[in-house]
Amino acid sequence: MNEFLDYIEIGKKVELILRTANGAIRFYCTFEGVEGNSILVSNPKNKHVKFNCQNGQLLDLYAYTRGGVFKLKCRLLDYSEKFCTLSLPMSVDKIQRREYIRVKMKISTIIKLFPATSKNTIHAESRNISAKGINLLLDTDISKFSKIDLTLLFAEQTIYTSAKIIKIKPVKIGPNTYYDTSLEFISISDKEINFIVKKCFEFEAAQRKKMLDNKI
C-alpha cells in the first residue's frame, strides 16, 4: 500500500486533484513527509483557482517518483496557509513506470552536433517531452555524432543541455525515411527539471480540460 514511500523524497513535486461538479481541478504542491497517520504537503497552488476543500473530502494525489507514478486516494484532514494534511491513502495505484510525466507537447528545439560539419545544426519540434528527455522525428540519422547539445525554446525560458541518444529508429513515411529519435538530457539543472515538470503538468491539465469541455 505504501510502496511509494520507498521512492518519494521530501520536497518532490506532487499534484492534488479535487473533483467538483464542474470538473477536476489540479493543484501543485510539494511532498513534506509523513507524520503519524497523515501525509503532509505544502499549500496547494493553482494560478486560476484558490484551494477550497472541506475536511473529509476525497482527493487524488499524484506522486511522480523514481519508482513510477503513484495515484493515492486520500481524505483532507486539515488545511492551513502552510500545510495540507491528508489521510494515509485508502488506495494506491501505480499508473506509470517513468519518474517524470511525458506529454505530447511541441517545443521548438535546436540540435547542435559535434564534431561540427556543414549540417551540424538541426531545427526541429518535439513530439513528446519529459523533464528527463525528448522525442523528435528527424530527417537525419544523428547516431554518428559524438556530442549533442540541445536548446529548448519554451515561451517563458530557454534551456540548454547536452544530451545522449536513447533510441533511433528509421521510419518510412511515403517515399521518405525519417528517424524516430529519443534523447536524454544529461546536463540539466534541478531548477530546469522543475520548470519542465511544471510545464508538463500545465499542458496535461489543459488537455484534460479540453476533453471535459468537449463532453459537455
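The values are calculated or read from the model by the stated rules, or taken from the named source; none is laboratory data. Just so we're clear, the structure is a prediction, and the values are computed from it rather than from any experiment. As a convention, Cβ positions derive from the backbone with ideal geometry for all residues, glycine included, and neighbour counts pool all protein chains shown. Heavy atoms of the whole protein, side chains included, go into the accessibility calculation; ligands, DNA and RNA do not. Shrake-Rupley method; radii C 1.70, N 1.55, O 1.52, S 1.80 Å.
Things to note:
- Folded to 0 to 90 degrees: helix 190-215 orientation relative to the chain principal axis, Cα: 70
- Segment 7-92: trypsin sites (Lys or Arg not before Pro) falling in loop per DSSP and having at most 11 other Cβ within 10 Å: K47, K50, K82
- Positive-end residue of I142, L58, A206, charge dipole of the chain with Cβ unit charges: I142
- Whether segment 83-179 is rounded, prolate or oblate, judged on the alpha carbon gyration tensor where a/c under 1.5 counts as rounded: prolate
- If R0 equals 35 Å, the separation of the Cβ atoms of K47 and S143 corresponds to a calculated FRET efficiency of about 0.25.
- Centre-to-centre, using Cα atoms only, segment 172-190 and segment 1-71 are separated by 33 Å.
- MRE, 222 nm, helices only [DSSP H, n ≥ 4, -39500 (n - 2.57), over the chain, to nearest 500]: -4500 deg cm²/dmol
- Solvent exposure of segment 39-84, expressed per residue, is 52 Å² of accessible area, with all protein chains present and a 1.4 angstrom probe.
- Reported label for calculated Rg/Rh (Cα atoms, Kirkwood Rh) given [x] 1.04; [y] 0.99; [z] 1.01: [x]
- Magnitude of the charge dipole, segment 99-216, Cβ model with Lys/Arg +1 and Asp/Glu -1, debye to 20: 280
- The share of Cα pairs per 10 Å bin across segment 23-101, counted from zero up to the longest distance, runs 18, 53, 27, 2 percent.
- Surface share of carbon and sulfur [accessible, 1.4 angstrom probe, percent] for the chain: 50
- Rounded to the nearest 20 debye, the dipole magnitude of the chain is 640 debye, with +1 charges on Lys and Arg beta carbons, -1 on Asp and Glu beta carbons, and the Cα centre as origin.
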